[in-house]
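Asker: Encoded as structure tokens, here's the structure I'll be asking about.
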């Protein structure tokens, strides 16, 4: 009986580890890859062999996708990105700080030179307060909306009259049918 119980508990622990529920902090991270957001030395950051993360097949940092609001900029996984109208173009800083970042996490660059597919606006980066690289388009920082849970969600469009989707040209999409 004890042997069956320990095998069952081991199976449950392994399933929890593999599902990623172990070690999450619930601190409002952006929807980026685990490797980009997991602290170095943790199990998630070191569990995959180096040969499985070939950069040649990496998704672009930003690309273009169709949505109910038209053609928009999304990250490599299809998550919508937004502008904050309180940001100042080319200021090199974000106006979204403190609690704002819980609902609107910054879109971070995976490399020093952001890769894009179909985005014709000028893509760059600014430093976040913790030293990461936040992506910018035409000099404006871009963000995720925490309530967008799946690729294609655009629930942040028009929130508070200050958050708007980004067009491939880098223009702000302020008017979309139904929003």
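The values are calculated or read from the model by the stated rules, or taken from the named source; none is laboratory data. Quick caveat: nothing in here was measured; it's all calculated off a predicted structure. Glycine also receives a Cβ, built like all others from the backbone with ideal geometry; neighbour counts cover every protein chain displayed.
Asker: Would you check if there is a residue in the stretch 123-145 being in contact with a helix residue (DSSP H, G or I) (Cβ under 8 Å, 6 or more places away or on another chain), in a loop (DSSP other than H, G, I, E, B) and closer than 22 Å to residue 63 by Cα?
Answerer: yes
Asker: In addition: Confirm whether residue 89 is surrounded by fewer than 20 Cβ atoms within 10 Å (Cβ to Cβ), within 14 Å of residue 170 (Cβ to Cβ) and modelled with pLDDT of 95 or more.
Answerer: Numbers: surrounded by fewer than 20 Cβ atoms within 10 Å (Cβ to Cβ): yes; within 14 Å of residue 170 (Cβ to Cβ): yes; modelled with pLDDT of 95 or more: yes.
Yes: the conditions hold for residue 89.
Asker: Filter the stretch 108-126 for residues that are touching a residue at least 12 places away in the same chain (Cβ under 8 Å) and within 19 Å of residue 92 (Cβ to Cβ) and give the result.
Answerer: At the first step, the residues of the stretch 108-126 found to be touching a residue at least 12 places away in the same chain (Cβ under 8 Å) are 108-112, 114-126.
108, 109, 112, 114, 121, 122, 123, 124, 125, 126 - these are the residues of the stretch 108-126 that are touching a residue at least 12 places away in the same chain (Cβ under 8 Å) and within 19 Å of residue 92 (Cβ to Cβ).
Asker: So which of 170, 175, 156, 139 ends up being within 22 Å of residue 68 (Cα to Cα), surrounded by 15 or more Cβ atoms within 10 Å (Cβ to Cβ) and more than 17 Å from the chain's Cα centre (by Cα)? Let's see the steps before the verdict.
Answerer: On the way: 175 fails: surrounded by 15 or more Cβ atoms within 10 Å (Cβ to Cβ); 156 fails: more than 17 Å from the chain's Cα centre (by Cα); 139 fails: within 22 Å of residue 68 (Cα to Cα).
Just one listed residue meets the conditions, 170.
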